[in-house]
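The numbers here are math on the coordinates, done by the rules we state, and not lab data. Everything numeric here is computed off the predicted structure, so don't read it as measured data. Heads up, the Cβs are rebuilt from the backbone with ideal geometry, glycines too, and the neighbour counts pull from every protein chain shown.
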């Protein structure tokens, strides 16, 4: 009974996803997305309950080897790129192309992405990315299984807007790091000798410059010193 209901739910989910792709109005898209997430949650719960029930009812033969237990692995590593319309997330998983499509899917919201890969070499893989930098259009997102890789296409709600980071947290951390190493602005000192400021500037240019810059500064300094001595002799 639960297996028939799971098939029915999966058919409903697939049909709602097709409707979501055709929906134009945001309110309709949000409504369909919410219904899809509800049905996907129900489908996952039924699948887990069915698996547990089968484990209880099964009576392994005395000589049979024990069935290895499946366990979940949380993924952290991924790559990403972007076009005007999509944020593309690349997740490397060996042999993922061999799985049926229903075992590789995403649960999406406007500001989050969750990839689920079920029963790949007796393991379940999950990648969760929360607090995306910009909102996404759930109805236009999709994903593909490639050789040893899953590619998720997150549709930008604001096309042509370039993302500097994948998440809000990454951007905040990067901004804090840049501010920490940003030099304090110099406060002008009215009593400071202008000649001293010029010498300090030239010294900094000499220390950070290339060979040509160092040669030019040395020449200018030498000529300046020579001119000072000539002026003194003329006096």
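Taking the fewest neighbouring Cβ atoms within 10 Å as the starting point, the ordered list for 166, 149 is 149, 166.
Taking 0.36 nm per residue of sequence separation and removing the Cα-Cα distance, the residue 31/residue 48 pair yields an extension gain of 3.5 nm.
Compute the projected area of the convex hull of the Cα atoms of the stretch 1-55, averaged over all viewing directions, and report it in nm² to one decimal place. Working shown, then result.
Details: hull surface 13.9 nm².
It is 3.5 nm².
Counting beta carbons within 10 Å around each of 113, 216, 6 and listing the fewest first gives the order 216, 6, 113.
For the stretch 70-164, a/c is not less than 1.5, where a ≥ b ≥ c are the root eigenvalues of the C-alpha gyration tensor, and a/b tops b/c. That puts it in the prolate class.
Which of 53, 112, 33 comes first, and how do the rest follow, when ranked by fewest Cβ neighbours within 10 Å?
Values: 53 11, 112 14, 33 21.
The order, fewest Cβ neighbours first, is 53, 112, 33.
If R0 equals 25 Å, the separation of the Cβ atoms of residue 85 and residue 39 corresponds to a calculated FRET efficiency of about 0.35.
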